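Accompanying notes for the structure given below.
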Amino acid sequence: MRIFELLDRIPDILWPRRCMFCGGRPEGRGTVCEKCAEKLPFIPADNKRFPVEFTAGCACALRYEGGVRDAVHRYKYGGSWHYFRHFSALMAANVAARGLEFDTVTFVPTTARRRKSRGYNPAELLARGLCRRLEIPPPEKLLRKCRETRQQAGLEAAARRANVLGAYKAARGADIAGKRILVVDDVLTTGATLSECARVLRMAGAEAVLCATLAHSTGRDKNS
Ligand SMILES: [Zn+2]
């Protein structure tokens, strides 16, 4: 065994791998057990994209329910940042199967303060993983969040729109004009955040905006 392979296995030895959806033991080197891999609530790639204002729609890979909801919650709030690898692979398969056409990829930003306190931006990691899987250049930081917002979870649709209105700006020096831009986020609920980001991009001259998220929530779940 080469030294690199050994080093690569050390985390598995110290922290036995658990299925990210059910907590069971996955076979082989995966992070998802066979049972969950088969039963994930996939949204078929031939389904229509979900409507989001100012965009050509949002491609979502999974329904936000059961084990997916719990895993996303651990990913966003529980420090399980490494889930981005499998999540972005699921997103990449969905984006590729739908044949989405875009010039560049970006992500919903957080404030610098929020990113520092959490240590990572879940949407940014998904965008990075997605680009790597699709073998395209890494995402560009085209937007910045200029003020803190309340957590969208638990807010009604109108309150969500008000909450994010004016919260995003084009990043300084961002190359947006004339581009078809894919914006990545973790969960689509009412689309308030993504449509606000899209509005800013369109105002800055983007030719078109498409969205991709890992999951789609109907909003009935108060945690989404
Ligand atoms: Zn499982």
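What follows is calculated from the coordinates using simple rules that are stated; it is not laboratory data. Source: prediction; values computed, not measured. Neighbour counts run over all protein chains shown; Cβ positions are idealised from the backbone, glycine included.
Observations on the model:
- Considering only 210, 64, 165, the residue lying farthest towards the positive end of the dipole of the chain is 165, judged by Cα position with unit charges set on Cβ.
- Around the Cα centre of the chain, unit charges on the Cβ atoms of Lys, Arg, Asp and Glu (plus for the first two, minus for the last two) sum to a dipole of about 740 debye.
- C-alpha center-to-center spacing [region 72-135, region 172-224] in angstrom: 13 Å
- Annotation: amide H of residue 143 within the under-5 Å range of 107, 171, sequence separation 5 or more or interchain, hydrogens built in the peptide plane.
- Shape descriptor for the chain: Rg over Rh equals 0.97 (Cα atoms; Rh from the Kirkwood inverse mean 1/r).
- Whole-Hz couplings from phi, Karplus 6.51/-1.76/1.60, listed for region 187-200; x for Gly and Pro: 10, 9, 10, 8, x, 4, 5, 5, 5, 5, 4, 5, 4, 5
- Mean Cα-pair separation over length for region 75-224, i.e. relative contact order, pairs under 8 Å, 6 or more apart, %: 26 percent
- Those lysines that a straight Cα-Cα span of less than 19 Å connects to residue 179, excepting residues fewer than 8 apart in one chain: 141, 169
- Sorted from greatest to least, the principal axis extents spanned by the alpha carbons of region 1-128 come out as 50, 38, 30 Å.
- Counting charges near residue 78 (Lys, Arg +1; Asp, Glu -1) among other residues having Cβ under 11 Å from its Cβ returns a value of +2.
- Shape category assigned to region 141-210 from the gyration tensor of Cα positions, a/c cut at 1.5: prolate
- Taking 0.36 nm per residue of separation and subtracting the current Cα-Cα distance, fully stretching the chain between residue 93 and residue 135 would add 13.9 nm.
- Label-zone membership for region 194-220, site residue 65, 7 angstrom Cα→C-beta point, backbone N under 19 Å: 213-220
- The trypsin sites (Lys or Arg not before Pro) of region 128-191 that meet both conditions, a loop assignment by DSSP and at most 10 other Cβ atoms within 10 Å of the site Cβ, are 147, 172.
- Farthest positive-ward along the chain dipole, Cα basis, beta-carbon charges - from 32, 50, 143: 143
- Hull volume per residue, based on the alpha-carbon atoms of region 60-140 and their convex hull, is 92 Å³.
- Modelled FRET efficiency - R0 35 Å, residue 73 with residue 180, Cβ distances, 0.05 increments: 0.65
- Note: relative contact order over region 1-132, using C-alpha pairs below 8 Å and six or more positions apart, is 18 percent.
- Placing R0 at 30 angstrom, the Cβ-Cβ distance between residue 80 and residue 218 gives a FRET efficiency of 0.80 after rounding to 0.05.
- Between residue 202 and residue 38, the FRET efficiency from the beta-carbon distance, with R0 = 41 Å, is close to 0.55.
- Linear extension gain, residue 53 paired with residue 147, 0.36 nm per residue minus alpha-carbon span: 31.7 nm
- Percent of beta bridges antiparallel (DSSP, the chain, rounded to nearest 5): 25 percent
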